[in-house]
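Have a look at the structure below before the remarks.
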Amino acid sequence: QVHLVESGGGLVQPGGSLRLSCAASGFTFSAYHMSWYRQVPEKERELVARISNSGTTNYADSVKGRFTISRDNGKNTVYLQMNNLKTEDTAAYYCNCPTRNYWGQGTQVTVSS
């Protein structure tokens, strides 16, 4: 059975940092591209970052230079390091395997003073 379990969300002040983790199980993690999305109420889910199975990364313009996606295939985990957080980064963040359409349950990130 496939599981994607996100962790690491929370409340942080503007300018602060958080690292999200997504632990995967039930499929061959290293073979697949992985993504992070985010969503705020009443808006569509937005692609934040993607990492290929070979480690190539791409980012939404809104997070370039602030967020870093990475993966550890030995731990079946994908990370999202978020620095210099802004209030507009407040959202529920979801881990995704786009090829198989697997989704995690999400973790809330709130950026507020």
Carbon plus sulfur, as percent of the 1.4 Å-probe accessible area of segment 73-113, comes to 40 percent
Expressed to one decimal in nm², the mean projection of the alpha carbon convex hull of the chain is 6.6 nm²
In segment 21-106, the GluC sites (Glu not before Pro) that sit in a DSSP loop and have at most 14 other Cβ atoms within 10 Å of their own Cβ are Glu42, Glu44
Residue span Thr56 to Asn73: 0.36 nm per residue of separation minus Cα-Cα distance leaves a gain in nm of 4.7 nm
Residue-ordered couplings for segment 21-30, obtained by feeding phi - 60° into the Karplus form 6.51 cos²θ - 1.76 cosθ + 1.60 and rounding to whole Hz (Gly and Pro as x), are 10, 9, 8, 10, 8, x, 8, 7, 3, 5
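With every protein chain present, what is the per residue accessible area of the chain (1.4 Å probe, Å²)?
52 Å²
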For the chain, cysteines with no other Cys Cβ under 4.7 Å from their own Cβ are listed as Cys97
Among Ala60, Ala92, Ala23, the residue with the largest mean-square fluctuation in a Gaussian network model of the chain built from Cα contacts under 10 Å is Ala60
Per principal axis, largest first, the Cα atoms of segment 1-58 extend in Å by 36, 26, 24
With +1 at each Lys and Arg Cβ and -1 at each Asp and Glu Cβ, the charge dipole magnitude of the chain around its Cα centre, to the nearest 20 debye, comes out at 220 debye
Given backbone amide H placed at 1.01 Å from N, residues whose amide H is under 5 Å from that of Thr90, ignoring those fewer than 5 places away on the same chain, are Val111
For segment 1-66, percent of DSSP beta bridges that are antiparallel (nearest 5) comes out at 100 percent
Hull surface over four for the Cα convex hull of segment 49-113, reported in nm², is 5.0 nm²
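The values are calculated or read from the model by the stated rules, or taken from the named source; none is laboratory data. Keep in mind the model is a prediction, meaning the values are calculated, not measured. Quick reminder, even Gly has a Cβ in these numbers, built from the backbone with ideal geometry, and neighbours come from all protein chains shown. Each accessible area value is taken on the protein alone, full model and side chains, heavy atoms only, with ligands, DNA and RNA left out. Shrake-Rupley method; radii C 1.70, N 1.55, O 1.52, S 1.80 Å.
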